[in-house]
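For reference, the structure discussed in these notes is given below.
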Amino acid sequence: MKPVFPTSVLITGATGAIGGALAQAYAGPGMTLILQGRNEDRLAELTAICEGRGARVLSYCFDIRDVVRLRDSVRAVEAQVPLDLVIANAGVNTNIGPSGTGELWEEVEALVDVNLRATLALVYAVLPAMRWRGRGQIALISSLAAYHGLPMTPSYCASKAAIKALGEALRGWLAAEGVRINVVMPGYVDSAMCRDMPGPKPFLWTAERAARVIRRGLAKDKARISFPFPLNLGTWLLSVIHPAVAQRILGWLNYHA
Ligand SMILES: NC(=O)c1ccc[n+]([C@@H]2O[C@H](COP(=O)([O-])OP(=O)(O)OC[C@H]3O[C@@H](n4cnc5c(N)ncnc54)[C@H](OP(=O)(O)O)[C@@H]3O)[C@@H](O)[C@H]2O)c1
């Protein structure tokens, strides 16, 4: 298949580790980057780096839970630059705490708003123009945690499983119209979110390595971009064996409260 090279890329959560590495991986002459995040200083710093590499950068600093603003921003961007690639990357995590007390409801609500509601709002804001043009690409950042729920992060796993299913369904629906949808399932990638998460983190990758693999997979329009291989295989197996056996294995591997 012929590789696809976008000239305009929108990235949410660009102020984070993976989003920032993706922005830098795509930055170059002839590229327009639309970068979103909440951390104003980090956004300004990243904008300067990407502009230094020759990219034109439009930056948007706001809380992505404000889906009205999110949809308005997408419309404003589309009026200036037709979007070739949209990467729905912003995300948060919660956990049940070191002694298994449980997730805080306020954090669960925020997680659903960022990981799921804002992702859906973004997808449905960019789709009409992409469908009208008969081309475009949307990458949804899920996680290997979508394969089988991990006891320490129930809501996160649920949100990422929903994103995986969303991407698979959209890909089946929109392929015939020329709109490409890709589900990205990273394993552990060094970031603030990853460091905050309890439990073992085998096969930890740098964000730069993850961004290279994601960019390559998107150019090839891979339906699923999942890595690293050993963890992908292990977590996929957990989803196909009996759930009782899967839970036992997770316990042996120290994935419990
Ligand atoms: N790191 C991993 O091990 C791993 C594994 C699998 C999947 N993922 C997924 O990869 C994606 C990126 O995560 P990361 O590891 O790069 O984490 P990160 O460094 O903590 O970055 C998270 C990003 O999401 C943004 N964000 C969070 N809440 C937001 C809100 N309410 N409004 C606007 N932006 C918000 C953050 O923006 P601000 O910092 O500006 O607030 C930040 O840019 C997430 O979807 C995550 O679930 C990560």
When you look at ILE181, is it hydrophobic (A, V, I, L, M, F, W, C) and under 21 Å from LEU10 (Cα atoms), yes or no? yes
Assess whether LEU58 counts as being hydrophobic (A, V, I, L, M, F, W, C), within 13 Å of the ligand (Cβ to nearest atom) and at pLDDT 95 or above. no
Only one of SER142, SER226 is under 25 Å from GLU103 (Cα atoms) and touching a strand residue (DSSP E or B) at 6+ places or on another chain (Cβ under 7 Å); which? SER142
List, please: which pairs have Cβ atoms under 6 Å, are six or more places apart or on different chains, and start with a residue in the stretch 192-214 that is among the basic types (Lys, Arg) and end with one that is not in a helix (DSSP H, G or I)? LYS201/TYR188
Quick one: count up the residues across the stretch 175-223 that are in a loop (DSSP other than H, G, I, E, B), charged (D, E, K, R), surrounded by fewer than 16 Cβ atoms within 10 Å (Cβ to Cβ) and out of contact with any Cys (no Cβ under 7 Å at 6 or more places or on another chain). 1
Count of the stretch 1-33 residues which are in contact with a Leu (Cβ under 6 Å, 6 or more places away or on another chain) and within 14 Å of the ligand (Cβ to nearest atom): 6
Among (1) within 14 Å of the ligand (Cβ to nearest atom); (2) out of contact with any strand residue (DSSP E or B) (no Cβ under 9 Å at 6 or more places or on another chain); (3) farther than 17 Å from TYR147 by Cα, there is one condition VAL213 misses while meeting the rest; what is its number? (2)
For ALA246, are the conditions met, namely being within 30 Å of ARG131 (Cα to Cα), more than 16 Å from the chain's Cα centre (by Cα), more than 10 Å from the ligand (Cβ to nearest atom) and in a helix (DSSP H, G or I)? no
Only residues that are within 8 Å of the ligand (Cβ to nearest atom) and within 19 Å of TRP132 (Cα to Cα): list them for the stretch 145-197, please. none
Quick check: is even one residue across the stretch 131-152 farther than 30 Å from VAL245 by Cβ, among the charged types (D, E, K, R) and part of a helix (DSSP H, G or I)? yes
Return the total of residues in the stretch 122-158 being buried (at least 19 other Cβ atoms within 10 Å of the Cβ) and touching a residue at least 60 places away in the same chain (Cβ under 8 Å). 14
Among the candidates ARG216, ARG248, ARG212, which residue alone is over 22 Å from LEU140 (Cα atoms) and among the basic types (Lys, Arg)? ARG248
Filter the stretch 200-210 down to residues that are farther than 19 Å from ILE11 by Cβ and within 11 Å of the ligand (Cβ to nearest atom), then give me how many there are. 3
Would you confirm whether or not the stretch 242-255 contains a residue that is crowded, with 17+ Cβ neighbours inside 10 Å and of a type in the set (Lys, Arg)? no
Hey, PRO186 in contact (Cβ under 8 Å) with a residue 24 or more places away in the chain and more than 17 Å from ASN89 (Cβ to Cβ) or not: no
Out of the residues in the stretch 79-90 that are out of contact with any Gly (no Cβ under 6 Å at 6 or more places or on another chain) and at pLDDT 95 or above, state the one that is farthest from the ligand (Cβ to nearest atom). PRO82
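The values are calculated or read from the model by the stated rules, or taken from the named source; none is laboratory data. This is a predicted model, so every value here is computed, not measured. Glycine also receives a Cβ, built like all others from the backbone with ideal geometry; neighbour counts cover every protein chain displayed.
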